[in-house]
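Written below as structure tokens is the structure these notes are about.
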Amino acid sequence: MMNTRVITTLALAFSGVVLADAGHHGHIQALANENVNPSFDLVHAKIEKGPSALTFQAEVTANIGKLKPNVNGQLAGAQVYSYVWPTSLDSEAVGFEKGQGILALAVTAHPDFDDTPQFDENADGDKTNDGNEWHSHWVVLTKDAACPGGLKVKDIPEGQTPKVPVTWPGLPIYLDSPGYAPEFTNDTLTVDVPTQDLAGSQDFQFDAVTSVLQVNASVHNPLLCVTQVQDIASGDLSLPGEVVARH
């Protein structure tokens, strides 16, 4: 069962609709919600297919990406702010084993740890101090009643070595760090995903979510929980969006 916070959020975001007119087929649009911080208040989401990349886009009321978590000082208990596109893609599309859970593209920021060891997002020559910069991940989400938001990034149990993408950062969770650079304007976030990085069909369903995650205080399974759902573009996480060709 979802917790009260998630149920309340779903009720507040009930207005999400899929746009079906000629210019916006497959997009998701929602009304602004004064009960959600403008930086996380989703009003529009879409994924467009270009010649060589899929562009994931999320639009909020204002000031997207301006808020980041406070410094915790350690990994245990660290918060993660995120903009997320849950999809109907199978986990094997990006290099995980098949059928592991909900595959989602996420853009996150977290000042207390760095989980992109192959990339130097702040260009200072150190690849291990960039967690507070907005960066991209593929994550596999699964249900877990131990998490306040009812979902977690799926754990990899000790001793198991499942198939993972080549850019997996080594954490014991189903999380990949592909290095896609997020782009922010005042109200819009976009991420380009090379089509060559997705195995199989590029026609899939999607949604958009803003959320807070938190590392378990014991740094143990579940390692990374969804603790707050700020907003859901569709209102019910039904993945109504469709990938459309860029005009």
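Which of the residues belonging to region 124-140 are polar (S, T, N, Q) and modelled with pLDDT of 95 or more?
Filtering region 124-140 for residues polar (S, T, N, Q) gives 128-129, 132, 136.
SER136, the sole residue that qualifies.
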*Output the number of the condition that PRO148 fails; it satisfies all remaining conditions of (1) under 24 Å from LEU239 (Cβ atoms); (2) open to solvent by less than 50 Å² (accessible area, probe 1.4 Å).*
(2)
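Among what's in region 83-127 and is among the polar types (S, T, N, Q) and touching a Lys or Arg at 6+ places or on another chain (Cβ under 8 Å), pick the residue that is most open to solvent (accessible area, probe 1.4 Å). Give the steps one after another, and end with the answer.
The first filter runs over region 83-127 and keeps only residues among the polar types (S, T, N, Q), leaving 87-88, 91, 100, 108, 116, 118, 122.
So of that shortlist, the ones also touching a Lys or Arg at 6+ places or on another chain (Cβ under 8 Å) come out as 91, 100, 116, 118.
Working: SER91: 1, GLN100: 30, THR116: 4, GLN118: 92 Å².
Here the answer is GLN118.
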*Return the only residue of ASN72, ASN35 being touching a helix residue (DSSP H, G or I) at 6+ places or on another chain (Cβ under 6 Å) and at negative phi.*
ASN35
_Going through LEU89, LEU67 one at a time, which residue ends up being under 30 Å from SER218 (Cβ atoms) and among the aliphatic types (A, V, I, L, M)?_
LEU67
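One line per residue, one yes/no per condition, for (1) open to solvent by 70 Å² or more (accessible area, probe 1.4 Å); (2) modelled with pLDDT under 95; (3) farther than 15 Å from VAL80 by Cβ:
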{"position": "THR142", "(1), (2), (3)": "no, no, yes"}
{"position": "VAL153", "(1), (2), (3)": "no, no, no"}
{"position": "VAL164", "(1), (2), (3)": "no, no, yes"}
{"position": "THR167", "(1), (2), (3)": "no, no, yes"}
{"position": "ASN186", "(1), (2), (3)": "yes, yes, yes"}
{"position": "VAL226", "(1), (2), (3)": "no, no, no"}
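Out of ALA199, ALA233, ALA208, I need the residue that is at pLDDT 95 or above, over 21 Å from HIS135 (Cβ atoms) and touching an Asp or Glu at 6+ places or on another chain (Cβ under 9 Å). Which one? Full working, then the answer.
Numbers: ALA199 fails: at pLDDT 95 or above; ALA208 fails: over 21 Å from HIS135 (Cβ atoms).
Unique residue meeting the criteria: ALA233.
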_Selection status of ASN186, closer than 21 Å to LYS66 by Cα, more than 13 Å from the chain's Cα centre (by Cα) and part of a loop (DSSP other than H, G, I, E, B)_ = yes
_Taking the conditions exactly as written (out of contact with any Cys (no Cβ under 8 Å at 6 or more places or on another chain), modelled with pLDDT under 95, hydroxyl-bearing (Ser, Thr, Tyr) and over 30 Å from PRO162 (Cβ atoms)), does SER15 satisfy them or not?_
yes
_Pick from region 62-102, criterion within 19 Å of the chain's Cα centre (by Cα) and of a type in the set (Lys, Arg), ranking: farthest from GLN228 (Cα to Cα)_ = LYS66
*Within region 38-81, how many residues turn out to be farther than 26 Å from HIS25 by Cα, small (Gly, Ala, Ser) and crowded, with 16+ Cβ neighbours inside 10 Å?*
2
*Tell me, which residue of region 228-247 that is open to solvent by 20 Å² or more (accessible area, probe 1.4 Å) and among the polar types (S, T, N, Q) is nearest to GLY50 (Cα to Cα)?*
SER238
*Quick check: anything in region 206-216 surrounded by fewer than 17 Cβ atoms within 10 Å (Cβ to Cβ) and more than 16 Å from the chain's Cα centre (by Cα)?*
no
*asked:* I'm told VAL107 meets every condition in (1) touching a Phe, Trp or Tyr at 6+ places or on another chain (Cβ under 8 Å); (2) more than 23 Å from VAL226 (Cα to Cα) except one. Can you identify the failing condition by its number?
replied: (2)
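Would you call TYR180 farther than 21 Å from LYS68 by Cβ, in contact with a helix residue (DSSP H, G or I) (Cβ under 9 Å, 6 or more places away or on another chain) and at pLDDT 95 or above? Walk me through it before giving the result.
Numbers: farther than 21 Å from LYS68 by Cβ: no; in contact with a helix residue (DSSP H, G or I) (Cβ under 9 Å, 6 or more places away or on another chain): yes; at pLDDT 95 or above: yes.
So TYR180 fails the test.
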*Could you grab the pairs with beta carbons closer than 6 Å, sequence gap of 6+ or different chains, first residue in region 213-239 and on the phi > 0 side of the Ramachandran plot, second one surrounded by 23 or more Cβ atoms within 10 Å (Cβ to Cβ) and not small (Gly, Ala, Ser)?*
LEU237/ASP207; LEU239/PHE206; LEU239/ASP207
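The values are calculated or read from the model by the stated rules, or taken from the named source; none is laboratory data. Since the model is a prediction, treat every value here as computed from it, not as a measurement. Neighbour counts are summed over all protein chains in view; Cβ atoms, including those assigned to glycine, are modelled from backbone coordinates with ideal geometry. Ligands, DNA and RNA are stripped out before the accessible areas are found, and what is left, the full protein with its side chains, is counted by its heavy atoms. Shrake-Rupley method; radii C 1.70, N 1.55, O 1.52, S 1.80 Å.
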